[in-house]
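The structure appears below as structure tokens.
The values are calculated or read from the model by the stated rules, or taken from the named source; none is laboratory data. Just so you know, these numbers come straight off a predicted model, no measurement behind them. Here the Cβ positions follow ideal geometry from the backbone for every residue, glycine too, while neighbour counts run over all protein chains shown. These accessible areas exclude ligands, DNA and RNA; they are computed on the full protein's heavy atoms, side chains included. Shrake-Rupley method; radii C 1.70, N 1.55, O 1.52, S 1.80 Å.
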Amino acid sequence: MKAFQFSRADSAAGAVRSVAANPRAMFLGGGTNLVDLMKLGVERPDELVDITRLPFDRVHLDADGTVRIGANVRNSDLAAHPAVRTGLPVLSQALLAGASGQLRNMATVGGNLLQRTRCVYFQDVTKPCNKRRPGSGCPARTGQHRNLAVLGGSETCIATHPSDMAVALAALGAQVAVTGPDGDRGIPLEELHRLPGELPDQDTTLRHGELITGVAVPALPFAERSAYRKVRDRASYAFAVASVAAALDVHDGLVRDVRLAFGAVAPKPWRAHIAEDALRGRPATAAGFRAAVEAELAAAVALRDNGFKIPLISNITVGLLQDLAGARS
């Protein structure tokens, strides 16, 4: 591991100043992803600024029903919070589906959003990777890509975003609070992560020195009828092969409203707007659910070994929507 300087921030403004002043500086939260990448030589910061003692470790329920989550809230604490367990079960389930209990006790909300892909070529510094070294190539396209993207990829990169939590937050329409050298701003979670296009090394729309301070989940009454479903290669401590977060409002057999997002099939949490639009006002039937999901997946592009993801995400989404609609026992 490369030598680096370490400091502990006593204010958000101080943390931002320190990182903004050094192009090779990074924020350190729980460290569950960053430290691993440093050990692998993928990340090589000159300086780490510890932000874990900043006062962003609370969950607050506003009078209007908005749930405000500090960036330093631990994943395990968020999953167990009463407002999340009862009002946002999709978020609690997504958090509990990720990593292990020990890692959830360390990992923070802000760090979870910013974790980087687990593509084997990205994590192996002896291999070319456009995300690590733009212009070096993407060997995953003809190599090991079973777990990689079928939506939103490009010729330069087909890596997938690994977070479970972010998929649930995308479905819930969350807003990310950020502070930086130019002040505070809010970013819709859908706009936080980037598709690779011609700039695969840029994972997010954050500017250098900007710090995530929290996430706001707007009130969504029918989020009580929500769930997260994850398919993985083993029962625990494994990243998704495909996942779906859904919230559904059905009245008199018709879909009044719906929120839907896919995970592990794109370089970012994939909000399924096409499917949502196709479902609203339509009968809550398996055939209707499948037609809507297939419309969303019409743009999917499979490579040699990952085409199975397209019917897989369709099947688990239809099944989950049926369960939420009470359409099957």
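Calculate for the chain the 222 nm mean residue ellipticity that helices alone would give, adding -39,500 (n - 2.57) per DSSP H run of length 4 or more and normalising by residue count, nearest 500 deg cm²/dmol.
Values: 13 runs with 98 residues, N = 329.
Result for the chain: -8000 deg cm²/dmol, rounded to the nearest 500.
Let me cross-check GLU191: its accessible surface, 1.4 Å probe, with only protein heavy atoms counted, in Å² to the nearest 10?
110
Quick check: Cα centre of segment 260-329 to Cα centre of segment 35-59, how many Å?
What the calculation gives is 35 Å, centre to centre.
For the chain, what is the percent of antiparallel DSSP beta bridges, rounded to the nearest 5?
Percentage antiparallel, nearest 5: 85.
Once the principal axes of the Cα atoms of segment 99-157 are found, what is the range along each, listed largest first in whole angstroms?
Dimensions of segment 99-157 along the principal axes of its Cα atoms: 37, 25, 18 Å.
Leaving ligands, DNA and RNA out of it, report the carbon-plus-sulfur percent of the accessible area of the chain at a 1.4 Å probe.
Values: 7410 of 14430 Å².
That share works out to 51 percent.
Go through PHE27, PHE4, PHE122 and list them by solvent-accessible area, largest first, probe radius 1.4 Å. Write out the running numbers ahead of the final one.
On the way: PHE27 45, PHE4 80, PHE122 0 Å².
If we order PHE27, PHE4, PHE122 from most to least accessible, we get PHE4, PHE27, PHE122.
At 0.36 nm per residue, minus the direct Cα-Cα distance, what do HIS251 and ARG68 gain on full extension? Give it in nm, one decimal, please. Don't skip to the end; give the middle numbers.
Details: separation 183, 0.36 × 183 = 65.88 nm, distance 2.91 nm.
Roughly 63.0 nm would be gained on extension.
Less than 13 Å Cβ to Cβ from ARG225, Lys/Arg counted +1 and Asp/Glu -1: what total charge do the surrounding residues give?
On the way: positive: ARG256, ARG259; negative: GLU224, ASP249, ASP257, ASP323.
Local charge sum for ARG225: -2.
Counting alpha carbon pairs within less than 8 Å and at least 6 residues apart, what relative contact order, in whole percent, applies to the chain?
17
Towards the positive end of the charge dipole of the chain, with charges on Cβ (+1 Lys, Arg; -1 Asp, Glu), say which of GLY137, GLY29, VAL73 has the farthest Cα.
Of the options given, the answer is GLY137.
Give, in whole angstrom and from largest to smallest, the semi-axes √(5λ) of the equivalent ellipsoid of segment 1-88, with λ running over the eigenvalues of the Cα gyration tensor. Walk me through the numbers before you get to the answer.
Values: eigenvalues 185, 51, 15 Å².
Calculated on Cα positions only, the semi-axes equal 30, 16, 9 Å.
Got the relative contact order for segment 226-324 handy, in percent, Cα pairs under 8 Å and 6 or more residues apart?
Values: 161 pairs, mean separation 24.9, N = 99.
With pairs under 8 Å counted, the relative contact order is 25 percent.
In square nanometres, what is the average projected area of the Cα convex hull of segment 226-324?
Working: hull surface 24.7 nm².
It is 6.2 nm².
Name the residues of segment 287-329 whose amide N is less than 17 Å from a point 7 angstrom out from the Cα of HIS273 along the C-beta direction?
Output list for this probe position: 293, 295-300.
Between LEU199 and HIS60, what is the spin-label point distance in nm, taking each point 7 Å from the Cα along the Cα→C-beta axis?
Result for the modelled spin labels: 3.3 nm.
Starting from the residue with the highest accessible area, list THR52, THR108 in decreasing order, probe 1.4 Å.
Numbers: THR52 45, THR108 10 Å².
Ranked from most to least accessible, the order is THR52, THR108.
Tell me the per residue accessible area of the chain using a 1.4 Å probe; a whole number in Å² is fine. Walk me through the numbers before you get to the answer.
Details: 14430 Å² over 329 residues.
Here the per-residue accessible area is 44 Å².
Give the separation of the Cα centroids, segment 193-211 to segment 69-136, in Å.
A separation of 17 Å, based on Cα centres.
Give the residue list of trypsin sites (Lys or Arg not before Pro) in segment 30-104 that are DSSP loop and have at most 15 other beta-carbon atoms within 10 angstrom.
On the way: sites: LYS39, ARG53, ARG58, ARG68, ARG74, ARG85, ARG104; in loops: ARG53, ARG58.
Answer in residue order: ARG53, ARG58.
So how exposed is SER11, as accessible area in Å² (1.4 Å probe, rounded to 10)?
Approximately 40 Å² for this residue.
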